[in-house]
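Asker: Mind looking over this structure? Questions follow.
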Amino acid sequence: MSELMDLYQEVILDHTRRPRNFGSLEHATHRAEGHNPLCGDRVAVSLRLDGDVVREIRFEGKGCAISTASASMMTELLKGGEAGLLQTVFGQFQDLVTGRLIEPPEDLGKLVAFAGVAAFPVRVKCATLAWHTVKAALQNRQQPITTE
Amino acid sequence: MRRATTSSAQTAAPPLDVDRLRRDFPILSGRTAGKPLVYLDSAASTQKPTPVIEAMNAFYREGYANIHRGLYALSLEATEAYEEVRCKVQRFINARESREVVFVRGTTEAINLVAGTLARQRLEAGDEILVSTLEHHSNIVPWQRICEEKGGVLRVAPIDDNGEVRLEAFERALGSRTRLVAIAHVSNALGTVNPVAEMVRMARRREIPVLVDGAQAAPHFQLDVQALDCDFYAFSGHKVYGPTGVGVLYGKSSLLETMPPYQCGGEMIRSVSFERTSYKEIPYRFEAGTPDIVGVIGLGAALDYLGAVGLECIAAHESELLSHATEALASVPGVRIVGRAGRKAGVLSFVVEGAHPHDIGTILDQEGIAIRGGHHCAQPLMERLGLPATARASFGLYNSHAEVDRLADGVRKVREIFGSCPS
């Protein structure tokens with residue numbers, strides 16, 4: 001039961017119930033969709049970059065508590081920062097959820113709540129789905145999608 | 001402890017001695033997450049009783065040789081043992097002849113076999129193959145591929161909100177261009193038992209052959225392919241308490257005889273020259289290469305086991321488990337049962353408000369309870385239901401009412417963790 005409590009920490013449940021930056025961005029410069037074929041979960045991430053700064057980032061989709069909270073907290077962390085931050089933090093986050101980090105670095109902030117995932121290897125993909133999706137979005141720079 | 005009344009049609013069968021039967025399954029005495037294993041994923045695969053494990057072991061130790069070729073006693077005996085299982089399968093499904101039984105790797109291969117032979121042979125541009133909304137991907141994709149190849153059209157008989165294929169809608173979907181119907185006997189995701197016999201009658205009037213995907217039916221009730229009058233019936237060994245790697249395609253001999261070979265190689269030929277090859281008679285024409293001999297032996301032991309326990313008793317027991325589980329889960333606040341067909345077998349799908357099926361699966365796993373959470377290889381069905389996924393508990397002959405109660409307790413724990421008023 002304590003492993004479960006570590007997995008479903010209050011901050012994770014809070015983001016699951018009330019995901020932040022949820023929805024689609026109208027004037028996105030980057031978009032990508034992520035899919036976990038194992039469970040059928042899908043997430044779509046859209047970003048608006050200003051130079052190298054992430055001005056806006058949103059996600060939408062239906063997923064489990066871990067994937068939803070991870071996406072929500074990731075958007076909070078990336079919003080307003082430099083896009084390059086993703087590379088560093090994603091690496092650390094992967095190490096965290098696979099149990100390779102003993103002392104989580106400060107960059108991760110609230111994301112350390114995901115340390116409990118390491119005890120549940122089948123859930124690692126849930127935790128990293130949105131991250132892979134943002135990475136794909138940033139790599140495939142697309143024309144801004146606009147309604148005008 | 002159990003309710004005395006259940007549906008009157010099934011009260012005739014004597015109750016199963018589940019405690020005794022459980023001792024036949026070594027894995028069930030194990031623990032997971034420090035708790036006794038509650039295995040509720042038999043729709044994915046059933047656990048194996050000792051007689052099956054032992055039959056396979058003994059065959060490897062004492063009876064093993066390749067079949068259909070040896071001139072020595074060991075090979076002849078192995079061939080006899082293998083062919084005897086064909087007769088056991090014939091009796092298990094009540095086929096007219098044992099040569100109507102083709103051994104394959106599983107239901108998936110059985111369906112691919114019919115798609116790659118009969119459907120490929122008969123389908124022309126504009127022709128239709130009819131499936132239903134609740135099919136497993138393995139009863140969709142092979143037909144889709146052959147339709148793409150031949151310019152055919154995959155049509156879909158719809159379901160209603162209870163998860164039932166309505167016969168009227170099914171009949172309307174049959175048309176002058178329908179060349180084949182492929183339908184599940186029991187839905188793997190919802191447990192719906194389709195009125196297959198009526199469906200076959202409707203197709204028969206139009207001279208359309210019908211393949212029944214029986215993967216989820218074979219473990220749960222007595223089969224009779226002659227009574228169903230279907231043209232093909234497919235099921236997997238590993239879902240009827242037998243080993244993985246072996247399954248059965250039943251086909252009416254009149255149809256099998258018209259079908260070209262599926263895979264080519266040894267075993268399936270009569271004579272080969274570089275100019276011309278002639279093929280063996282059915283069923284051997286469809287069994288290229290050395291088959292899963294030991295798997296077939298294990299399947300034979302599994303069918304013996306099912307015969308000894310009695311499928312009527314199993315059906316009655318599982319039907320009681322299913323109604324107990326339905327009531328127990330429906331009484332947990334926030335739980336909704338998915339699939340409310342009038343006739344169901346073996347499967348209970350559900351969702352919990354505010355908790356994704358993956359989270360339900362993880363929490364139950366910590367309680368020692370193995371269920372499945374996901375789309376159950378039935379994405380079009382999930383789309384129709386408007387759900388990304390469901391949690392699915394599925395039952396076997398070894399499950400007890402106490403295990404159902406543990407499932408309900410586990411689901412209450414899910415509610416505790418995820419709270420009662422999510423966004």
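Asker: What percent does the relative contact order of the stretch A:2-139 come to when contacts are Cα pairs within less than 8 Å and at least six residues apart?
Answerer: Values: 246 pairs, mean separation 41.2, N = 138.
It rounds to 30 percent for the stretch A:2-139.
Asker: Whole number please: convex hull volume per residue, Cα atoms of the stretch B:201-244, in Å³. If you can, show how the numbers build up before the last one.
Answerer: On the way: hull volume 3.0 nm³, N = 44.
Spelled out: Cα convex hull of the stretch B:201-244, divided by residues, is 69 Å³.
Asker: Right, another one. Out of B:242, B:388, B:18, whose Cα points farthest toward the positive end of the dipole of chain B (charges: +1 Lys, Arg; -1 Asp, Glu; placed on Cβ)?
Answerer: So the residue we want is B:388.
Asker: On to the next question. Rank B:328, B:418, B:70 by how far each Cα sits towards the positive end of the charge dipole of chain B (+1 on Lys, Arg Cβ; -1 on Asp, Glu Cβ) and give me just the farthest.
Answerer: So the residue furthest toward the plus end is B:418.
Asker: Stretched out fully, how many nm does the piece from residue B:73 to residue B:18 gain, at 0.36 nm a residue minus the Cα gap? Please list the in-between numbers first.
Answerer: On the way: separation 55, 0.36 × 55 = 19.80 nm, distance 4.07 nm.
In short, 15.7 nm is gained.
Asker: How high is the relative contact order of the stretch B:119-265? Use alpha-carbon pairs under 8 Å, at least six apart in sequence, and give a whole percent. Mind showing how you got there, number by number?
Answerer: On the way: 251 pairs, mean separation 26.4, N = 147.
Answer for the stretch B:119-265 is 18 percent.
Asker: Something else about it: What translational diffusion coefficient, to the nearest whole µm²/s, does the stretch A:2-139 have by Stokes-Einstein, given a Kirkwood radius computed over alpha-carbon pairs, a temperature of 20 °C and 1.002 mPa s viscosity?
Answerer: Working: Rh = 14.7 Å.
In µm²/s, the coefficient is 146.
Asker: Under the classification rounded if a/c is under 1.5, otherwise prolate if a/b is larger than b/c and oblate if not, where does the stretch B:59-216 fall, given a ≥ b ≥ c as square roots of the Cα gyration tensor eigenvalues? Can you show the working numbers first?
Answerer: Working: a/c = 2.50, a/b = 1.94, b/c = 1.29.
Verdict is prolate for the stretch B:59-216.
Asker: Based on Cβ point charges of +1 for Lys and Arg and -1 for Asp and Glu, what charge dipole magnitude is obtained for the protein assembly as shown about its Cα centre, in debye rounded to the nearest 20?
Answerer: On the way: 62 positive and 68 negative charges, 124 e Å.
The dipole of the protein assembly as shown has a size of about 600 debye.
Asker: Now for a separate question. Want the number for residue B:177 to residue B:258: 0.36 nm per residue separation, take away the alpha-carbon distance, what's left?
Answerer: Details: separation 81, 0.36 × 81 = 29.16 nm, distance 2.03 nm.
Extending this stretch completely gives an extra 27.1 nm.
Asker: Determine the shielding of peptide A:63-69 by partner chains: average, over its residues, the number of Cβ atoms on other chains within 10 angstrom of each Cβ.
Answerer: Values: counts 5, 11, 9, 4, 3, 2, 0.
Mean inter-chain Cβ contacts per residue within 10 Å come to 5.
Asker: OK, next. Using +1 at the Cβ of each Lys and Arg and -1 at the Cβ of each Asp and Glu in the stretch B:40-197, identify which of B:188, B:125, B:87 lies farthest towards the dipole's positive end.
Answerer: B:125
Asker: By per-residue mean of other Cβ atoms within 10 Å, what is the highest-first order of B:198-209, B:217-228, B:62-73, A:41-52? List each step's numbers first, then the result.
Answerer: Values: B:198-209: 16.5, B:217-228: 20.6, B:62-73: 13.5, A:41-52: 19.0.
Highest mean packing first, the order is B:217-228, A:41-52, B:198-209, B:62-73.
Asker: Round to the nearest 10 and give me the degree value, 0 to 90, for the angle of helix B:73-93's Cα axis relative to the longest principal axis of chain B.
Answerer: Approximately 60 degrees, to the nearest 10.
Asker: Distance check, please: which entries in A:62/A:135; B:252/B:280; A:110/A:135; A:125/B:35; B:35/B:344 exceed 23 angstrom between their Cα atoms? Working shown, then result.
Answerer: On the way: A:62/A:135 19 Å; B:252/B:280 17 Å; A:110/A:135 20 Å; A:125/B:35 26 Å; B:35/B:344 30 Å.
Correct reply: A:125/B:35; B:35/B:344.
Asker: Next question, about the same structure. What are the radius of gyration and Dmax of the protein assembly as shown, computed over its Cα atoms and given in Å?
Answerer: Rg then Dmax for the protein assembly as shown, in Å: 26.4, 82.
Asker: Nearest 0.05, what FRET efficiency do residue A:82 and residue A:14 give at R0 = 35 Å with Cβ-Cβ as r?
Answerer: Working: r = 27 Å, r/R0 = 0.76.
So, using R0 = 35 Å, E works out to roughly 0.85.
Asker: Please say if the stretch B:341-423 is rounded, prolate or oblate, where rounded means a/c under 1.5 for a ≥ b ≥ c the square roots of the C-alpha gyration tensor eigenvalues, and otherwise the choice is prolate for a/b larger than b/c and oblate otherwise?
Answerer: On the way: a/c = 1.81, a/b = 1.02, b/c = 1.79.
The shape class here is oblate.
Asker: Let me ask something else about it. Calculate the tail of P(r) for the stretch B:192-284: the fraction of all Cα-Cα distances greater than 17 Å, expressed in %. Please report the intermediate quantities before stating the final value.
Answerer: Values: 2561 of 4278 pairs.
Every Cα pair in the stretch B:192-284 considered, those over 17 Å come to 60 percent.
Asker: A further question follows. With r defined as the distance between the Cβ atoms of residue B:290 and residue B:160 and R0 fixed at 35 Å, what FRET efficiency is calculated, to the nearest 0.05?
Answerer: Numbers: r = 46 Å, r/R0 = 1.33.
Computed FRET efficiency for residue B:290 and residue B:160 comes out at 0.15.
Asker: Here's something else I'd like to know. I'd like to compare B:124-135, B:156-167: which one has the highest average count of other Cβ atoms within 10 Å, and what's the full order after that? Kindly include the intermediate steps, with their values, before the conclusion.
Answerer: Values: B:124-135: 20.6, B:156-167: 17.7.
With the highest mean Cβ count within 10 Å placed first, the list reads B:124-135, B:156-167.
Asker: Ok, one more. Could you work out the mean count of beta carbons from other protein chains within 10 Å of each residue's beta carbon in A:12-19? It would help to have the intermediate numbers written out before the result.
Answerer: Working: counts 0, 6, 0, 0, 8, 6, 2, 1.
Other-chain Cβ atoms within 10 Å of each residue's Cβ, averaged: 3.
Asker: If we count every other residue with Cβ under 10 angstrom of residue B:269's Cβ, Lys/Arg +1 and Asp/Glu -1, where does the sum land? Can you show the working numbers first?
Answerer: On the way: positive: B:270, B:280, B:285; negative: B:267.
Summing Lys and Arg as +1 and Asp and Glu as -1 gives +2.
Asker: Relative to the longest principal Cα axis of chain B, at what angle does helix B:141-150 sit, 0 to 90 degrees, rounded to 10?
Answerer: 40
Asker: When Lys and Arg each count +1 and Asp and Glu each count -1, what net charge do the other residues less than 12 Å away from residue A:129, Cβ to Cβ, add up to? Can you show the working numbers first?
Answerer: On the way: positive: A:42, A:62, A:123, A:125, A:135; negative: A:33, A:41.
So the surrounding residues net to +3.
Asker: Using the Cα centre as the reference, give the magnitude of the dipole from point charges on the C-beta atoms of the stretch B:270-423 (Lys, Arg: +1; Asp, Glu: -1; all else neutral), rounded to the nearest 20 debye.
Answerer: Details: 15 positive and 18 negative charges, 106 e Å.
Its charge dipole is roughly 520 debye.
Asker: Under unit Cβ charges (Lys, Arg +1; Asp, Glu -1), what dipole magnitude, rounded to 20 debye, does chain A have relative to its Cα centre?
Answerer: Details: 16 positive and 18 negative charges, 84 e Å.
Roughly 400 debye, rounded to the nearest 20.
Asker: Within a 10 angstrom radius of each residue's Cβ in B:357-364, how many Cβ atoms of other chains show up on average? Whole number is fine. Before the final figure, lay out the partial values.
Answerer: Numbers: counts 3, 13, 13, 1, 4, 11, 4, 0.
Mean shielding by partner chains, rounded to a whole number: 6.
Asker: Give or take rounding to whole Å, what are the principal axis extents of the alpha carbon atoms in chain B, in descending order?
Answerer: Sorted from largest, the Cα extents of chain B read 73, 54, 38 Å.
Asker: In whole percent, what relative contact order does the stretch B:52-307 give with Cα contacts below 8 Å and a gap of six or more residues?
Answerer: Answer for the stretch B:52-307 is 24 percent.
Values quoted throughout were computed directly from the atomic coordinates according to the rules given, and no laboratory measurement underlies them. Source: prediction; values computed, not measured. Cβ coordinates were reconstructed from backbone atoms using ideal geometry, including for glycine residues, and neighbour counts include every protein chain displayed.
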